[in-house]
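**Student:** My questions will all concern the structure given below.
Bear in mind that the values in this text are calculations on the coordinates, not laboratory data. What you are looking at is a predicted structure, and each value in this text was computed from that prediction instead of being measured. Note that we place each Cβ from the backbone using ideal geometry, even for glycine, and neighbour counts take in every protein chain shown.
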């Protein structure tokens with residue numbers, strides 16, 4: 001199936017019906033070494049799929065009600081189902097950031113939307129701030145009428161105070177990177193209740209995209225998943 005501008009619009013509409021957002025895309029170049037598409041040959045194009053704010057959350061909760069209580073990685077499972085169904089309808093191959101071997105989702109996202117990382121490592125979006133994520137991608141055998149975005153102004157460059165680096169009680173984020181074990185120990189410990197109930201304090205301190213900030217229950221869900229991490 002050759003994707004046209006109209007079919008890309010229909011893909012976006014199908015994703016939006018489930019609270020997900022088409023996050024841009026691009027055609028691979030000969031030097032990219034792309035993964036395989038639905039035919040098994042190297043893919044010609046990719047569309048990134050994600051969320052902006054918590055628009056996906058009601059859709060996920062409705063799906064969750066019909067699933068077994070004990071299910072591993074339910075949000076990933078839901079995302080795979082939704083994106084997989086869209087892929088089947090439009091002749092694409094669906095992939096996930098958690099697929100192994102890991103694919104360069106962050107590099108693809110930067111290329112597709114012209115974004116750069118924040119001091120927290122999360123890509124800073126000009127509208128969503130830090131309140132967005134990438135849940136998967138669609139790989140196509142044919143080129144698409146899409147192109148990579150030109151990088152725009154990076155909001156973090158004009159943010160002098162950098163409150164995102166001053167709110168964590170264990171200074172998990174710094175110029176040296178993310179102190180994963182320190183963060184995990186704090187979240188699991190007696191002093192980690194504010195993080196467990198309301199999300200990362202550094203992330204919440206960012207002044208951008210606050211209208212898209214995840215509600216506390218969504219942040220608590222993600223933090224609980226982080227607290228269960230085994231490595």
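**Student:** For labels at residue 211 and residue 71 in the simple 7 Å Cα→Cβ model, what's the distance in nm?
**Tutor:** Those two pseudo-labels are separated by 3.3 nm.
**Student:** Would you kindly compute the Cα radius of gyration of the stretch 155-231 and its largest Cα-Cα separation (Dmax), both in Å?
**Tutor:** Just the Cα atoms of the stretch 155-231 yield Rg and Dmax of 12.7, 37 Å.
**Student:** Picking from 136, 24, 191, which is most flexible by a Gaussian network model of the chain using Cα springs under 10 Å?
**Tutor:** Most flexible of the set in this elastic network: 191.
**Student:** Based on Cα positions only, what radius of gyration and what Dmax would you give for the stretch 5-153, in angstroms?
**Tutor:** Rg, Dmax (Cα atoms, Å): 15.1, 45.
**Student:** Further question: Round to a whole angstrom and tell me the spacing of the C-alpha centers of the stretch 169-202 and the stretch 56-95.
**Tutor:** Between the Cα centres of the stretch 169-202 and the stretch 56-95 lies a distance of 29 Å.
**Student:** Within a 10 angstrom radius of the beta carbon, how do 46, 170, 82 rank from fewest other beta carbons to most?
**Tutor:** The order, fewest Cβ neighbours first, is 170, 82, 46.
**Student:** Which Rg and Dmax, in Å, describe the Cα atoms of the stretch 73-158?
**Tutor:** Reported Rg and Dmax, both Å: 14.3, 43.
**Student:** Given C-alpha coordinates of the stretch 7-83, what is the ratio Rg to Rh with the Kirkwood estimate of Rh?
**Tutor:** Ratio of gyration radius to Kirkwood radius: 1.05.
**Student:** Identify which of 117, 101, 42 has the largest mean-square fluctuation in a Gaussian network model of the chain, with springs joining Cα atoms closer than 10 Å.
**Tutor:** Largest GNM mean-square fluctuation: 101.
**Student:** Of all the Cα-Cα pairs you can form in the stretch 152-193, what percent are over 12 Å apart?
**Tutor:** 66 percent
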